[in-house]
Amino acid sequence: MVLAVVRGAVDELGTMLRHAAAQEPLKLLRVPPITLLKEAAPRAGFFEPDPYEAVRRRLRPDLRVACDLAYTFGWRMRDEVLSLERRQVDLPAGTVRLDPGSTKNDDGRVVYLTPELTAALPVQLAQDVSERKGGAYGASRAGDPDQSRDRGRVR
């Protein structure tokens with residue numbers, strides 16, 4: 001988004017310079033070359049609701065909440081959803097927070113949970129606690145000597 005704003009401002013500057021060069025009496029001897037930065041192509045490959053639901057029905061129940069978070073908010077599964085920690089989930093407020101520096105553009109985010117996620121996330125977290133005794137949200141890394149680094153993860 002920032003690149004689009006900068007690109008628009010530079011484009012307007014170029015237009016102003018071309019108008020100044022065309023004025024009589026001459027206001028500008030020459031228009032300097034301006035190279036516009038290339039904008040990234042819009043993201044593609046999103047599921048429409050019906051195909052998403054068809055895929056979601058085939059997922060294990062413990063993966064559905066993670067996929068719902070990614071689908072609902074357009075978050076990246078590996079870097080934004082699976083790396084969530086419990087401290088980023090505020091169930092009483094109904095929010096999930098991405099910390100600054102953890103997103104593609106390094107901006108933090110706070111989103112409000114949908115009614116479906118508000119109902120599903122506490123069940124998933126409670127199940128996680130009972131099955132893993134406070135371990136990771138997703139698959140626990142049994143046998144990993146450094147398993148402690150995953151404690152508190154909402155995966």
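The values are calculated or read from the model by the stated rules, or taken from the named source; none is laboratory data. Just so it is clear, the structure is predicted and the values come from calculations on it, not from any experiment. Cβ coordinates were reconstructed from backbone atoms using ideal geometry, including for glycine residues, and neighbour counts include every protein chain displayed.
Here is a yes/no grid of residues against (1) at negative phi; (2) assigned by TED's automatic domain parsing to the domain that holds Gly8; (3) in contact with a Leu (Cβ under 8 Å, 6 or more places away or on another chain):
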| residue | (1), (2), (3) |
| --- | --- |
| Lys27 | yes, yes, no |
| Pro33 | yes, yes, no |
| Glu53 | yes, no, no |
| Asp62 | yes, no, no |
| Val65 | yes, no, yes |
| Thr72 | yes, no, yes |
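Would you confirm, using the coordinates I've provided, whether Arg30 is at pLDDT below 85 and of a type in the set (Lys, Arg)? Let's see the steps before the verdict.
Numbers: at pLDDT below 85: yes; of a type in the set (Lys, Arg): yes.
In short, yes.
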Item to check | Scan of region 16-62 for residues that are surrounded by 11 or more Cβ atoms within 10 Å (Cβ to Cβ) and either touching a residue at least 60 places away in the same chain (Cβ under 8 Å) or among the polar types (S, T, N, Q) (or both), ordered by number | outcome: Asp62
Checklist entry - Within the group Gly45, Gly94, which residue is touching a strand residue (DSSP E or B) at 6+ places or on another chain (Cβ under 7 Å) and small (Gly, Ala, Ser)? => result Gly94
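Within region 64-103, how many residues are charged (D, E, K, R), in contact (Cβ under 8 Å) with a residue 40 or more places away in the chain and farther than 19 Å from Phe47 by Cβ? Before you say what the answer is, go through the steps one by one.
First, pick out the residues of region 64-103 that are charged (D, E, K, R): 64, 68, 76, 78-80, 85-87, 90, 97, 99.
Of the ones still in play, those that are also in contact (Cβ under 8 Å) with a residue 40 or more places away in the chain are 64, 68, 85-87.
Add one more test, that the residue is farther than 19 Å from Phe47 by Cβ, and what stays is 85-87.
Selection size over region 64-103: 3.
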